[in-house]
Every structure is written in C-alpha cells, then in structure tokens.
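My questions will all concern the structure given below.
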C-alpha cells in the first residue's frame, strides 16, 4: 500500500493511505499533496493505528 | 507547401511553473490528433473609423489590438495517458502516487483552497511542419489551459467506442521557432468500450443483474467557462495585447447516457422519487492502465423515451450533486507515465 504526504489549507501535514476513498474527502476539503521530505523538518502526524481497548 | 499530415504536435504533460514560462522540452510529449487543423494565431487590428476630427468617416490608420486565439481541440481515442492529462489539467487538484504504474487521483480544485486561486495548471503547445532551417511551421504557444473536455462511450467496435476530446485555450504568447525537438510520437494505451469493468449509475448496475446489457452510450463533459484574461498588465506579444490568466467561471459537469428499456426498468422510478446515488464508470485495459470516474451523488433530471437503431431506449440526463464530504467527482487513473501535471 502506498502512502502520500498531504497538507491541509492550514498547513497540517498528514501521511495518508493513497486510495481514492481516503484521499477524496481530504482533497475536497482543500488538502493537497506535498513532496515527502528526505529528513522531515516539520512534525508529521503519525499514521493511524488500530484502536486499542481502554484499560478498565 | 506542405500536407497537413506533416503537422507534428506536442504539448506539455508537465505543468508550466507560471503562465508565461514555457515547458522545458523534457516535459513535452508528442501525440497524434484526430483534429486536422493547426492551432491558428489570430492577431486582431483595429482602425480609427469611429474617431471624429478627420473630416470624414473613413479609417485612415491601423492599430495593433490583441491576439484573439481561437480554442483548439485535441481529439483522441481515450487512453490512460490522455485521460490522466485531460483530467489533471481540467480539474486541478491532483495527487500522484506509485512507482510505476502511477496512480492519479483528481478532484475539481476549489478557489478557496487552490494554491493558484481560480487558475488551473498551464502547459505549452508545440506545432511543427518540417522544423529546422526551412520550417513551414515551428512555434510554441505558451500559457495554454484546458477549457473543457468530452468523454464519449458508444456501443460500437474499436477505438472509436471510447473517445476523449479536449478544448484548449491559449494566451497569445508564443515562441517561434519553438526551440523544441519533439520526441518520437507516443503510443498511448487506449481503451475501448469492451473494457468497461464497472458501470453503475445511481444504483442501477448495467454490467450485471437485471439491467446488464442494457447500456447503449454515455457522454460526460466538463466545462471550465474561463473568463477573458485581458487585464491591465496582462502582457503583449508583437505589440498585440495577450491574455495573462484564465480563471474558471461557473464550471459545469454534465452526464447523459442512453439505456435500453425493458420490463422492470427502474430509471423512471428513480427520477420521480428523486433518488440519488453514486455513479461509477471504470474502464480497465490491464493492471497498468485504467480510468475510473466516481460521481459522488447523481440524480436523474430527464428520462426521455426514444429509440436507438430501432431499439426502445431512454436517454437519461444526470444531475451531479455536490456532496459535502466527497465533493462532486473523483477521477482515478492508473497509467505508466509519471510527471503528468507535476
């Protein structure tokens, strides 16, 4: 699965799964693709991880 | 003199960095074109016939006015390369992924968030006849944009069953001679109607189930309705004013399709009940070449009974509604070519 670095109109960076389903709502909201930095100079949001159960 | 079939055409698959900055030769590809007319340059002159004080009503002097460049059509059999190019340059918001083949996900840009406001990417167009020392024609038009496109699918054999024509506009700026050595003509990966792998409109699947084999044809089109680009400071060429921008106006996305009528056809009920749903059109040549158009919310505005070649048919006019989350339409194209609109 490919991932792509997207930037919101407010400047937030997020690594997103490169699927039509994942990209469409972001692109419609004005996010656009930015080149993946060789060494990330700005913090990049983590990939979403599988939710874990809260400890009771 | 020269025959028109000597005309070679190439244009930028990469985007220009600015409207007045031509593509480098490395970002220009060469393709064939079913439109046999070259792109005409039309300089317009004016005169002083309306001015009084000359003692008569006749003109006495000519003045250079502007370049009135007519739209130009690229008419081609639909291919993954050409559709990727057409959609990228007409819609504007592009995401490119993959390492060969490459996947382009494209949606219409919005003025509020588009980095270039209401302007789409620009490209250069090269046309040549016998380039070199004694060229009949050798020029590069700079600052071209995609005004509109039309995608036609028909139930006929061969490449003509899937056609895409693109109407382009240009500023009037040009370079002659072009200074470009065009590459060999590209061999695009073309589609035909037999390669359609998904065809569901508003909940009706025309590839399988009760409505299978009922689809006859489809015409989809996009129009950017550019505003004229003359403004103070828009520039000049040869003393003639040129356009300095192409801003989209009220864009229009139209879809019409024709289906055969049979017992139990649901198109009328769908129209009357104001039912809406997604529409998916996918054509797949192989793992490296496909085109998918996902209309996020389609309703039907007209269902007109008629006949096509003696078969009773319905011509459906779709209304493409804007979905708050997923927008209007998403194009997904897989093609072996990278760098389109980059």
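Rounded to the nearest 500 deg cm²/dmol, what is the calculated helix-only ellipticity per residue at 222 nm for the protein assembly as shown, with -39500 (n - 2.57) per DSSP H run of length n ≥ 4?
When only DSSP H runs of four or more count, the value is -2000 deg cm²/dmol.
Take B:312, B:94 and order them by how many other Cβ atoms sit within 10 Å, fewest up front.
So the residues, fewest neighbours to most, are B:312, B:94.
While we're looking at this one, here's another question. Can you give the relative contact order of segment B:81-206 as a percent, counting alpha carbon pairs under 8 Å and 6+ residues apart? Intermediate values should be presented prior to the final figure.
Values: 186 pairs, mean separation 24.2, N = 126.
It comes to 19 percent, rounded to a whole number.
Quick one: the Cα spread of the protein assembly as shown along its three principal axes, in angstroms, biggest first?
Taking max minus min along each principal axis of the Cα atoms, the protein assembly as shown gives 90, 65, 46 Å.
While we're on this one: What fraction, in whole percent, of alpha-carbon pairs in chain B exceed 27 Å separation?
Cα-Cα pairs in chain B separated by more than 27 Å: 51 percent.
Can you give me the relative contact order of chain B as a percent, contacts being Cα pairs under 8 Å and 6 or more apart?
Reported as a whole number, the value is 20 percent.
For segment B:49-85 and segment B:102-140, write down the distance between their C-alpha centroids in whole Å.
With segment B:49-85 and segment B:102-140 each reduced to a Cα centre, they are spaced 19 Å.
Taking R0 as 41 Å, what's the FRET efficiency between residue A:17 and residue B:130 from their Cβ-Cβ distance, rounded to 0.05?
Values: r = 50 Å, r/R0 = 1.23.
So the FRET efficiency works out to roughly 0.25.
If you don't mind, another one. Along the three principal axes, how long is segment B:29-139 when you take its alpha carbons, biggest first, rounded to the nearest angstrom?
The Cα atoms of segment B:29-139 stretch 71, 45, 24 Å along the principal axes, largest first.
With 10 angstrom as the radius, rank B:291, B:231 by how many other C-beta atoms surround their C-beta, starting from the fewest.
Numbers: B:291 28, B:231 12.
Least to most surrounded, the residues fall as B:231, B:291.
Rounding to the nearest 10 and keeping the result within 0 to 90°, find how far the Cα-based axis of helix B:80-91 lies from the longest principal axis of chain B.
70 degrees
Still on this structure: Taking the Cβ of each residue in B:245, B:30 as the centre, tally the other Cβ atoms inside 10 Å and list the residues starting with the fewest.
In order of increasing Cβ crowding within 10 Å: B:30, B:245.
Can you classify segment B:129-237 as rounded, prolate or oblate using the Cα gyration tensor, where a ≥ b ≥ c are the square roots of its eigenvalues, rounded means a/c under 1.5, and otherwise it's prolate if a/b beats b/c and oblate if not?
On the way: a/c = 4.62, a/b = 1.89, b/c = 2.45.
Note, shape of segment B:129-237 comes out oblate.
Every number in this text was worked out from the coordinates using simple rules, so none of it is lab data. Note that the coordinates shown come from a computational prediction; the quantities given were computed from them, not determined experimentally. Reconstructed Cβ throughout: ideal geometry from the backbone, glycine too, with neighbour counts over all protein chains shown.
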